[in-house]
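The values are calculated or read from the model by the stated rules, or taken from the named source; none is laboratory data. From a predicted model like this one, the values you see are computed outputs, not experimental measurements. Here Cβ is always computed from backbone atoms with ideal geometry, including for glycine, and neighbour counts include all displayed protein chains.
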Amino acid sequence: MEKLVRSAVLAVFAACCAHWGGPVFAQEARAVLEEAWRAYNIGQYAKVVEMVQPLAVEGNARAQVLLGRCHENGLGVPQDMAVAAKWYQLAAEQNDSEAQVLLAHQYELGIGLPANEAAVADLMKRAATAGNAEAQFNLALYHSQGRYGFPKDQAESFRWAKASAAQGFAQAQRYVGACYEFGVGTPKNPEESALWYGKAAAQGLEKDGSVFTIVREYSLP
């Protein structure tokens, strides 16, 4: 009986070890990630990779995203878009919205993996529904332009843009300002237009040309 209990305890411990972020290691994983982000922000990329690799291997989604960014941009490791996509995929499968957006960009450009419009639409919709501001703005553009299988629907475009703008996403704020200015997807409203243009300008994004002809382009690192 004692042997069975000991085996059960060891099994539980092993399961916890396989999932940093569980009750036993959540605090330790969080501390490692916080230190890794500080190192990332000051350019200590080799240290970042060394710190987050074990967490990423054990399934920590935030570590997977950070490791993917390092591989995508060649920071602390050789640049490898295919490896970056693999890490983003693992995190995206855990419903990490940042990973879903980053992976969607790679599918959109066909970099590191084959281009796949259906995957772009699925990943961006999931991230937007989860509340990711960048994904919400991308969905606004897709509906405005009728891209990636989304019906061309200016009211739906405005709805997604407004959700993104409300979270402080500057490009969405400028877009919403234009919608109110020209009555696209919503009735004209000069006061609201000025308000949202002002919010975008406060972040350094002035009105420039036709906001509605925006095509999202993602440059290589």
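Structural remarks
- Of the residues examined, residue 52 is one that is touching a Leu at 6+ places or on another chain (Cβ under 6 Å), surrounded by 15 or more Cβ atoms within 10 Å (Cβ to Cβ), more than 16 Å from residue 126 (Cβ to Cβ) and of a type in the set (A, V, I, L, M, F, W, C).
- Some residue of region 72-91 being touching a residue at least 60 places away in the same chain (Cβ under 8 Å), assigned by TED's automatic domain parsing to the domain that holds residue 54 and not in a helix (DSSP H, G or I): yes
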